[in-house]
Amino acid sequence: MCRMIGYSFKKNENINFLFNHLKTMAKDGIKAPHDDGWGIAAFVSDKEVVFHKSMQPVFNEDDLNIESYLGMIHARKASDNLEKTFLQLHPYFIKDTFFSHNGTIYLDKIDNVFGTDSFEYFKALYDFNNFNDLKEKIKEFISKNSYSGINFLMIRNNELYVFCNYTRTEDYFTLWYTENDTGFIVASEKMDNSFIPFENGMLAKIVNGKMENILYI
C-alpha cells in the first residue's frame with residue numbers, strides 16, 4: 001500500500017509542492033498514515049538523476065528543493081506480512097528504468113532480493129519493446145495473477161508510463177491527473193479540482209509534459 005506522485009514537465013520545475021502533497025497524503029490522506037519510509041527518483045538533466053530512499057516517515061522530512069522535469073515520489077505503508085527495510089522502498093530500478101507500484105499482488109512465489117510482489121511485477125514489464133508491447137506484458141501478468149491493485153508509475157527514455165487497475169476500494173486505488181501548460185502530474189489523491197480520475201484499466205504514455213497515447217486493458 002502506498003501513496004505516490006509522478007510528473008513530467010516541459011522544463012525543470014521546483015518539485016517541493018509535489019513533495020508537500022505527498023506528505024499530506026501520507027499523514028492525513030486515505031488510509032493514513034503511510035509512514036514506513038519513502039523514496040524518490042528525480043531527473044534534473046539527461047545526465048543526472050536524484051535517487052534517494054529513507055526509512056523516516058515522509059511527513060517528518062524538511063522541504064525538498066529540487067529542480068526536476070521528470071520523476072516519481074513514493075510513500076510506503078507496509079502490508080502486515082512484509083518487512084520494513086530499505087529493500088522494500090520504492091522506486092525500484094533495473095538498468096535505466098524506474099518503477100513504483102501501489103497495491104497488493106497475491107503471488108505464489110516471490111523470487112527477488114527485495115522480497116516484494118512489486119519487484120516481481122516490475123521484472124515482468126520493464127523489458128518492453130514499445131507501448132503496445134507493454135500493454136501485452138501487462139495483460140499477460142494480469143491473466144496469471146490476482147491482486148487488489150496493480151497501479152504503477154514507470155520511467156524509461158525520458159517517458160513516463162502510468163497504469164491504473166484495481167479490483168477493490170475505488171477511492172483508495174484511483175489515480176488522479178492534471179495536464180496544463182507546465183506539464184503533467186499524476187497522484188494517488190487529487191491536489192485540487194483540476195485533477196480528473198484515471199479510468200480503471202487505463203494505460204498512458206506521457207512525453208515532455210503531455211499525454212501522448214492511451215490504451216485500455
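Brief remarks follow.
- Lys/Arg +1, Asp/Glu -1 at C-beta; the stretch 2-216 dipole; positive extreme among I196, V58, F141: F141
- When semi-axes √(5λ) of the Cα gyration tensor in Å is computed from the coordinates, the matching label among (i) 25, 23, 16; (ii) 22, 21, 17; (iii) 34, 19, 16 is (ii).
- Ranked M154, M1, criterion: other C-beta atoms within 10 Å, fewest first: M1, M154
- An oblate overall shape is assigned to the stretch 51-156, the ratio a/c of its alpha-carbon gyration tensor axes (a ≥ b ≥ c) being 1.5 or greater and a/b not exceeding b/c.
- Derived scalar couplings between HN and Hα for the stretch 5-14 equal 9, x, 8, 9, 10, 6, 8, 4, 10, 5 Hz in order, rounded to whole Hz, by the Karplus curve 6.51 cos²θ - 1.76 cosθ + 1.60 (θ = phi - 60°), x for Gly and Pro.
- Entry note, the chain: the mean residue ellipticity at 222 nm calculated from DSSP H runs of n ≥ 4, each adding -39500 (n - 2.57), is -5500 deg cm²/dmol after division by the residues and rounding to the nearest 500.
- Sorted from greatest to least, the principal axis extents spanned by the alpha carbons of the stretch 1-58 come out as 35, 20, 16 Å.
- Dipole magnitude of the stretch 2-216 about its Cα centre (Cβ charges: Lys, Arg +1; Asp, Glu -1), debye to nearest 20: 240
- Computed 3J(HN,Hα) for the stretch 154-160, one whole-Hz value per residue from the Karplus formula 6.51 cos²θ - 1.76 cosθ + 1.60 where θ = phi - 60°, is 9, 10, 8, 6, 6, 10, 9, glycine and proline marked x.
- The charge dipole of the stretch 5-123, taken about its Cα centre with unit charges on the Cβ of Lys, Arg, Asp and Glu (plus for the first two, minus for the last two), comes to roughly 160 debye.
- Estimated at 0.36 nm per residue, the fully extended path between K10 and D28 surpasses their Cα-Cα distance by 3.4 nm.
- The local environment of I15, defined by Cβ-Cβ distances under 12 Å, has a net charge of -3 under the rule Lys, Arg +1 and Asp, Glu -1.
All of the numbers you see were taken from the coordinates with simple rules; none came from a lab. This structure is a prediction, so every number in the text was calculated from the model and none was measured. Cβ: placed from backbone, ideal geometry, glycine included. Neighbour counts: every protein chain shown.
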